[in-house]
Amino acid sequence: MEITEGKKVNNLLKGYNMLLYFSGSMLTDEPTEECVDDFWMTGIMKTFPVSSNNPRFLNAISVLRESCSQKGVCRKRLADDFNRLFNNGGYALPVESIWSDKSPLLVNDYESAKGFYESYGWRSKYEGVIPDDHLGVELLFLTLLIDKYLSLDDKACTKELSKEIRRFISDHLLTWIPQWNTRVQANAQTLCYKGIGTLIHAIMEDLDAIFTITGRSAS
């Protein structure tokens with residue numbers, strides 16, 4: 001992954017955001033035929049919007065491009081896999097507090113994912129339906145932070161927001177996604193979800209690297 005200043009970085013971040021929207025939606029709701037068509041048959045699986053040298057990212061692309069060749073069969077298999085992996089009692093529940101080493105009793109409101117959301121005046125549309133620290137919700141919030149970063153034109157503000165984005169990735173995503181992805185690889189029955197698990201892991205690594213550099217840049 002090449003990290004340069006200016007427009008190239010912004011275009012890279014837009015591509016990652018597109019992939020995060022896709023990945024988050026595949027963890028939050030049971031896949032539909034429309035979803036399969038949008039992402040596999042005619043959508044971003046055909047031409048990835050991001051280029052990265054991260055071996056994990058390259059592996060994810062390879063796996064995803066080999067998956068889901070028949071729409072009807074694919075949707076049924078994806079739905080079955082979604083339910084066995086991510087529904088209550090599933091093999092790889094995508095919820096931070098399940099995987100975190102920290103006791104929920106020792107995590108204050110500010111340190112929680114919800115506390116991070118509230119510091120930006122954001123409430124999940126899934127509040128009361130799925131946990132606030134569900135990966136789909138955390139990825140949605142991350143895309144909003146990146147959108148905010150892309151909209152800023154003040155270097156001091158972008159530098160500070162870079163640090164905040166990296167703090168969110170470091171505290172609430174990379175702390176548990178590697179373990180979660182290992183469980184997905186061991187239990188997923190579709191290449192689609194194996195690829196999505198690896199893709200999310202790789203994107204977190206890439207974004208952490210990008211925002212480490214942008215957060216250190218001079219204001």
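Computed from the coordinates by the stated procedures, all read-outs in this text should not be read as laboratory data. Since the model is a prediction, treat every value here as computed from it, not as a measurement. Note: ideal-geometry Cβ built from the backbone for every residue, glycine included; neighbour counts use all protein chains shown.
Within the range 139-204, which trypsin sites (Lys or Arg not before Pro) sit in a loop by DSSP and count at most 13 neighbouring Cβ atoms inside 10 Å?
The qualifying sites: there are none.
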In a Gaussian network model of the chain with springs linking alpha carbons closer than 10 Å, the residue among Val137, Val184, Val73 that fluctuates most is Val73
Along the Cα-to-Cβ line of Ala156, 7 Å from the Cα, sits a label point; which residues in the range 181-219 have backbone N less than 18 Å from it?
-> 215-219
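Given the convex hull of the Cα atoms of the range 125-179, what is a quarter of its surface area in nm²?
Values: hull surface 16.9 nm².
That works out to 4.2 nm², a quarter of the Cα hull's surface.
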Count neighbours as other Cβ atoms within 10 Å of each site's Cβ, and list the GluC sites (Glu not before Pro) in the range 1-93 that are DSSP loop with at most 12 such neighbours.
-> Glu2, Glu5
Once normalised by the length of the range 7-216, the mean sequence separation of its alpha carbon contacts under 8 Å that are 6 or more apart gives a contact order in percent of 31 percent
Pairs to check: Lys14/Lys71; Lys8/Lys71; Lys155/Lys194; Lys14/Lys155. Give those whose C-alpha atoms are more than 30 Å from each other in this structure.
-> Lys8/Lys71; Lys155/Lys194
What fraction of the Cα pairs in the chain, stated in percent, has a spacing above 33 angstrom?
-> 14 percent
Residues Thr158, Thr212 in order from fewest to most other beta-carbon atoms within 10 Å are Thr212, Thr158
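Taking the Cα centre of the range 7-216 as the origin, how large is its charge dipole in debye, to the nearest 20, when only Lys and Arg (+1) and Asp and Glu (-1) carry charge on their Cβ atoms?
Using only the charged Cβ atoms, the result is roughly 660 debye.
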Can you give me the pair-distance distribution of the range 116-219, C-alpha pairs, 5 Å bins, whole percents?
-> 2, 12, 20, 21, 19, 14, 8, 4, 1, 0
Would you please state which residues of the range 184-204 a label at Asp37 would reach in this model, taking the label point 7 Å out along Cα→Cβ and a backbone N cut-off of under 20 Å?
-> none
